[in-house]
Amino acid sequence: MHAAGEALAVEACCQRRAQSLPPAAAAAAGGTATLQQPDGDQQQRTALLDWLVRSQGAEPSCLKVERRWRDEAFGWCLVATADIEPEEVIISVPLTAAITSEGADESRWSAALAGQLLQRRAAAEAAAAAGDAAAAQRAGQPWLGALPAHVDLPWLYWSEAELAELQDEDTIAEARQFRAMFEAACEELGGAQSRDAVAWALSLVHSRSFVELSAHVWCPGIDLCNHTLQPNADIRCIHSPGSCQGGAAVDEVCPPEAAAAARQDPSRFELIAGEAGIAAGEEVTISYGSWPSDVFLLFFGFAPADNPNDSAVLFYDLFDLASFKLRSVGAAGDPLRSEGRAGHAEQAQQEELGSEEAEWEAVAAEVQRLEAEVGPQEGFFRMVATANGLDARLMQAAQALLAAGRGSPDGRPMSLAEFLQRRCQQLLAAYPTTLEQDEELLARLEGQLAGQQAQQQSATAGQQASQQAFTPAAAAVVPDGAEQPLRLAQLTTAVMYRLGKKRVLRSTLAAAQAALQQGGSS
């Protein structure tokens, strides 16, 4: 970048939105790997980065990283070939080399990016068929050839039976909403494109895109970085003055030649080494963000092991909160609802069936009162517990609710701790399997998966699981209603996902019980 451009560039934090990892990759995503120089095709390791430097204007011209095959679980990654200094720019890629949703309706950003990807693939296919290597390069053949065959996103490639193994109706419902988006994209991008081709494109744009300001951006090369909780690198976006609202001011403070050059500089995505630097042979990793496992699963196709940012939804909204309070507290503690039921089970059952409308009215009235006290319902969707504590909105709403309630069945005012204890117990009991059963199952599945991956790695030795350009889908979209046996990798991911939720609930339950014991002993 020219001196004027460097002086006036605006740095914007860029939130990582992607990279494809097969489901089992998350199990070992806690640290940074050191990879040995692999056997195999040198061209596979260097073609993409060489293309970025020679044809797309990436910098520096002599990169200290290359693309390497790690294993069946992680696939290809980015590895340092020489020591990289702290905060050194590893690679800087002009946004002109990226595909972006800029100018498109952000509600359909993924379809917009998928359309661009499929257009590039079609252009590269046509150029390759015509023997025009230069045109294939311009269309991005080295980049297309480095892309994975697909990313195993549950809403595209899992069967209904595999989705059910998540044991989370909310996440399953979200997956079905994503499937509806896929159907809409098939209609929009259909024509010459097959459903499998659209699924391939959507799986990649969802798992390999950044969110930059008001648009989604997929930047070749940088998308090779895997996720870890202890990253050794970070991402930033440098905007040229010409792309900023204040860019016209450059003319006032710089000579005309320098100002014109600054305006021509493209904005860039940069991969920057962390404060400790990166040793030669070490994998370059970044953090995709402090997300709960729902986001990792639906966007990236894996569930991180021991995710410290995972959460469990305790109440979906104020109606859910008030309804639980009425059923668990009011139903048992309200003498008007329990009086006269002993010895009159049949009559009580009829009363119960006839009380649904009254119960709904009671809940609606409670929600109306809560909204007047704590704010609109829209601000209280998905109130969660995390490993680090409770959602502040949940504490605010629950305390307001309990302050106006009749209290526990024995007439005592119900504490927040007792309320949360009941809710966690209810949610844990609703799961088909226990936390302990899942831990035992996961250990068995991971052992089987490791053996399977070892066999696959042995079978593909010397090939590094090369992805050929223009061969989009190694796996077809699972048809609606199709009955298929559970697959090992998908079942492993599902069990890992639901374990995270149960651990959050169990830790919240333990904290509530400890608070009750402390209160009882004081």
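The values are calculated or read from the model by the stated rules, or taken from the named source; none is laboratory data. Remember, it's a predicted structure, so these values are computed and weren't measured experimentally. Here the Cβ positions follow ideal geometry from the backbone for every residue, glycine too, while neighbour counts run over all protein chains shown. Note: areas computed on protein heavy atoms with side chains; ligands, DNA, RNA excluded. Shrake-Rupley method; radii C 1.70, N 1.55, O 1.52, S 1.80 Å.
Worth a mention:
- Checked against the criterion of being modelled with pLDDT of 90 or more and part of a strand (DSSP E or B), the candidates 67, 54 yield just one match: 67.
- When residues of segment 206-239 are limited to those that are in contact with a helix residue (DSSP H, G or I) (Cβ under 9 Å, 6 or more places away or on another chain) and surrounded by fewer than 20 Cβ atoms within 10 Å (Cβ to Cβ), the one nearest to residue 101 (Cα to Cα): 215
- In the set (1) closer than 24 Å to residue 154 by Cβ; (2) touching a Gly at 6+ places or on another chain (Cβ under 9 Å); (3) at pLDDT 95 or above, residue 271 fails one condition alone, (1).
- Of all residues in segment 275-302, those that are within 13 Å of residue 85 (Cβ to Cβ) have Cβ atoms under 7 Å from Cβ atoms of residues that are surrounded by fewer than 18 Cβ atoms within 10 Å (Cβ to Cβ) and aliphatic (A, V, I, L, M), 6 or more apart or on another chain, in 280/82.
- Total residues in segment 121-160, condition touching a strand residue (DSSP E or B) at 6+ places or on another chain (Cβ under 9 Å), open to solvent by 10 Å² or more (accessible area, probe 1.4 Å) and under 30 Å from residue 176 (Cβ atoms): 1
- Any hit, segment 409-421, residues being out of contact with any Gly (no Cβ under 6 Å at 6 or more places or on another chain), open to solvent by 30 Å² or more (accessible area, probe 1.4 Å) and at pLDDT 95 or above: yes
- Some residue of segment 142-156 being modelled with pLDDT under 95 and β-branched (Val, Ile, Thr): yes
- Of all residues in segment 95-107, those that are modelled with pLDDT under 90 and out of contact with any helix residue (DSSP H, G or I) (no Cβ under 7 Å at 6 or more places or on another chain) total 5.
- Residues (in contact with a helix residue (DSSP H, G or I) (Cβ under 8 Å, 6 or more places away or on another chain) and acidic (Asp, Glu)) located in segment 50-94: 50, 59, 66, 71, 72
- Index of the failed condition, residue 101 passing every other in (1) closer than 29 Å to residue 283 by Cα; (2) open to solvent by less than 50 Å² (accessible area, probe 1.4 Å); (3) among the hydroxyl-bearing types (Ser, Thr, Tyr): (1)
- Restricted to segment 89-206, the set of helices (runs of 4 or more DSSP H) holding at least 3 residues that are without any contact (Cβ under 8 Å) to a residue 24 or more places away in the chain comprises 109-129, 133-138, 169-189.
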